[in-house]
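The values are calculated or read from the model by the stated rules, or taken from the named source; none is laboratory data. Every value quoted in this text rests on a predicted model; they were computed, and no experiment measured them. So basically every Cβ, Gly included, is an ideal-geometry build from the backbone, and we count neighbours across all protein chains shown. When the accessible area is computed, the model is the full protein with side chains, heavy atoms only, and any ligands, DNA or RNA have been set aside. Shrake-Rupley method; radii C 1.70, N 1.55, O 1.52, S 1.80 Å.
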Amino acid sequence: MSIILNSPLDMHLHLRDGNMLKVVAPLSSYQFSGAVIMPNLVPPITTKEALVEYKKRILNAIGNSSFKPYMTLFFKSTYTKEFLQSVKDEITSIKLYPAGITTNSEGGVDGFDIDNLKETLNAMSELEIPLSIHGETNGFVMDREAEFISIYTSLAQNFPNLKIIMEHITTKESVNLLDRFENLYATITLHHLLITLDDVAGGALEPHLFCKPIAKRPEDRDALREVAFKAHPKVMFGSDSAPHPQYAKEASYCSAGVFTAPIALQVLTELFLEHSNLVNLQSFISDNAKGIYKNISVPKKQVILEKEPYIVPKKYGEVVPMYAGKRLNYTIKEIK
Ligand SMILES: [Zn+2]
């Protein structure tokens, strides 16, 4: 039996730059129709010129595959309405990082004083530019996302016309928030549907599963699974696939990030067929995102999978993927 996925979208992706970009971009553009590209480069993408140049480098790296990079800016509370107006047609959303919370987020927001953010967020509301947020405080690592709930709440209440995407949610608290505010949406990764902290550090330490936000408790994973498997219309797939070279992962001060882009569709297919159905996977992987990000154009692509063993490569360039060397039960047979 063939499984067909139409125009899969990855609504949270890290492609990096330079040689890494050249290695990883084709591993997404092959099977996805488009992806929201995160702006946390060094230095972060904060100008129209930098954004346009980065987009060119991405298009260069993917060659002639039909794939749309949905570009994002790194949020600054100094962005004026004039600036946002001038860049609006080039971007899909603006990504807000609390300062210093994850890879290359040092220049992010320090404190969430509404008065400070008001001018930029009001302008974004008026221009209908969505705000994507990495929602973690700098508290105790297991509590950071739950502690951020009050900030999500305050932003959702103070800016009711701003579309806010809670990126890569990992807790039951974030799941519960979805239905409390009309303007809150969320992305969910593959790895947070699969693993808990036990898989990362319960036995021998598994650096390739270490990520931010860190994987949480079984009940948190259950809450994520519930909304993903029923394809809650406010959730969409965002891999947060984040490549680091092997030496940076298998090391003291191991970098945070799980590389899942090349295996995401195969594993999601197995997971959904086991716990849900193909219709809901189609919504989770593409249709919900089209409903949430109303203004994206999505290239038509059909991904045909079959139940047939697929051995995950041990490495892509210098990057070790999730499930490296393991056998998956579904394989991509054809892309049309
Ligand atoms: Zn990310």
Handout entry: Tally, over segment 179-192, of residues that are of a type outside the set (A, V, I, L, M, F, W, C) and either surrounded by fewer than 21 Cβ atoms within 10 Å (Cβ to Cβ) or more than 21 Å from ASP240 (Cα to Cα) (or both)
Key = 4
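For PHE74, state whether it is within 16 Å of the ligand (Cβ to nearest atom), in contact with a Ser or Thr (Cβ under 6 Å, 6 or more places away or on another chain) and of a type in the set (A, V, I, L, M, F, W, C). Quick ask: steps written out before the conclusion?
Details: within 16 Å of the ligand (Cβ to nearest atom): yes; in contact with a Ser or Thr (Cβ under 6 Å, 6 or more places away or on another chain): yes; of a type in the set (A, V, I, L, M, F, W, C): yes.
Yes.
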Practice task
Mind listing whichever residues of segment 71-124 are at pLDDT 95 or above and of a type in the set (Phe, Trp, Tyr)?
Solution key: PHE74, PHE75, TYR79, PHE83
Handout entry: For SER239: the one exception among (1) in contact (Cβ under 8 Å) with a residue 60 or more places away in the chain; (2) touching a His at 6+ places or on another chain (Cβ under 7 Å); (3) assigned to a helix (DSSP H, G or I)
Key = (3)
Problem - Cβ pairs under 8 Å, 6+ apart, first in segment 303-321 and over 20 Å from LEU281 (Cβ atoms), second basic (Lys, Arg) and crowded, with 18+ Cβ neighbours inside 10 Å - result: VAL320/LYS249
Practice task
Would you confirm whether any residue within segment 281-288 is crowded, with 22+ Cβ neighbours inside 10 Å, within 13 Å of the chain's Cα centre (by Cα) and within 16 Å of the ligand (Cβ to nearest atom)?
Solution key: no
Exercise for the section: Would you point out the residue of segment 150-170, among those that are over 21 Å from ASP240 (Cα atoms) and among the β-branched types (Val, Ile, Thr), that is surrounded by the most Cβ atoms within 10 Å (Cβ to Cβ)? Expected result: ILE151
Practice task
Would you confirm whether any residue within segment 171-178 is within 16 Å of the ligand (Cβ to nearest atom), of a type in the set (D, E, K, R) and either buried (at least 17 other Cβ atoms within 10 Å of the Cβ) or in contact (Cβ under 8 Å) with a residue 24 or more places away in the chain (or both)?
Solution key: no
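Taking segment 296-336 as the search range and keeping residues that are assigned to a strand (DSSP E or B) and aliphatic (A, V, I, L, M), which one is farthest from the chain's Cα centre (by Cα)?
From segment 296-336, those assigned to a strand (DSSP E or B) are 302-311, 316, 319, 327-335; that's our starting set.
Imposing the further condition that a residue be aliphatic (A, V, I, L, M) reduces the set to 303-305, 311, 319, 328, 332, 335.
On the way: VAL303: 20, ILE304: 23, LEU305: 23, ILE311: 25, VAL319: 18, LEU328: 22, ILE332: 22, ILE335: 23 Å.
Per the stated criteria, the residue is ILE311.
Let's see how each residue does on (1) within 16 Å of the ligand (Cβ to nearest atom); (2) surrounded by fewer than 20 Cβ atoms within 10 Å (Cβ to Cβ); (3) part of a strand (DSSP E or B):
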{"site": "GLN31", "(1), (2), (3)": "no, no, no"}
{"site": "TYR70", "(1), (2), (3)": "yes, no, yes"}
{"site": "PHE83", "(1), (2), (3)": "no, yes, no"}
{"site": "ILE94", "(1), (2), (3)": "yes, no, yes"}
Exercise for the section: Return a yes/no flag: does segment 9-21 have any residue that is touching a His at 6+ places or on another chain (Cβ under 7 Å) and buried (at least 23 other Cβ atoms within 10 Å of the Cβ). Expected result: yes
Problem - Residue match in segment 314-333 (condition: farther than 30 Å from TYR247 by Cβ and open to solvent by 60 Å² or more (accessible area, probe 1.4 Å)) - result: yes
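Scan HIS275, HIS232, HIS191 and give me the residue that is within 16 Å of the ligand (Cβ to nearest atom) and at pLDDT 95 or above. Lay out the reasoning, then the answer.
Working: HIS275 fails: within 16 Å of the ligand (Cβ to nearest atom); HIS232 fails: within 16 Å of the ligand (Cβ to nearest atom).
From the options HIS275, HIS232, HIS191, the qualifying one is HIS191.
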Exercise for the section: Determine, yes or no, whether LEU197 is open to solvent by 30 Å² or more (accessible area, probe 1.4 Å) and within 22 Å of PRO98 (Cβ to Cβ). Expected result: yes
Exercise for the section: Could you list, in sequence order, all residues of segment 131-145 that are touching a Leu at 6+ places or on another chain (Cβ under 8 Å) and open to solvent by 10 Å² or more (accessible area, probe 1.4 Å)? Expected result: MET142
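Residue by residue through segment 96-119, note down the ones that are aliphatic (A, V, I, L, M) and either in contact (Cβ under 8 Å) with a residue 60 or more places away in the chain or not in a strand (DSSP E or B) (or both). Walk me through it before giving the result.
So in segment 96-119, the residues aliphatic (A, V, I, L, M) come out as 96, 99, 101, 109, 114, 117.
Within segment 96-119, ALA99, ILE101, ILE114, LEU117 qualify.
Taking into account only those residues within segment 100-121 that are among the charged types (D, E, K, R) and closer than 28 Å to ALA242 by Cα, which is nearest to the ligand (Cβ to nearest atom)?
Of all residues in segment 100-121, those among the charged types (D, E, K, R) come to 106, 110, 113, 115, 118-119.
Filter once more, keeping what is closer than 28 Å to ALA242 by Cα: 106, 110.
Working: GLU106: 15, ASP110: 19 Å.
That would be GLU106.
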Practice task
Consider GLN246 carefully, then state whether it is over 30 Å from GLY100 (Cβ atoms) and in contact (Cβ under 8 Å) with a residue 24 or more places away in the chain.
Solution key: no
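Suppose we keep only residues that are touching a Ser or Thr at 6+ places or on another chain (Cβ under 9 Å) and either of a type in the set (D, E, K, R) or assigned to a helix (DSSP H, G or I) (or both) within segment 195-213. Which one would you say is nearest to the ligand (Cβ to nearest atom)?
At the first step, the residues of segment 195-213 found to be touching a Ser or Thr at 6+ places or on another chain (Cβ under 9 Å) are 202, 207, 210-213.
From what is left, the residues that are either of a type in the set (D, E, K, R) or assigned to a helix (DSSP H, G or I) (or both) are 202, 207, 212.
Details: GLY202: 24, PRO207: 17, LYS212: 8 Å.
Looking at residues that are touching a Ser or Thr at 6+ places or on another chain (Cβ under 9 Å) and either of a type in the set (D, E, K, R) or assigned to a helix (DSSP H, G or I) (or both), I get LYS212.
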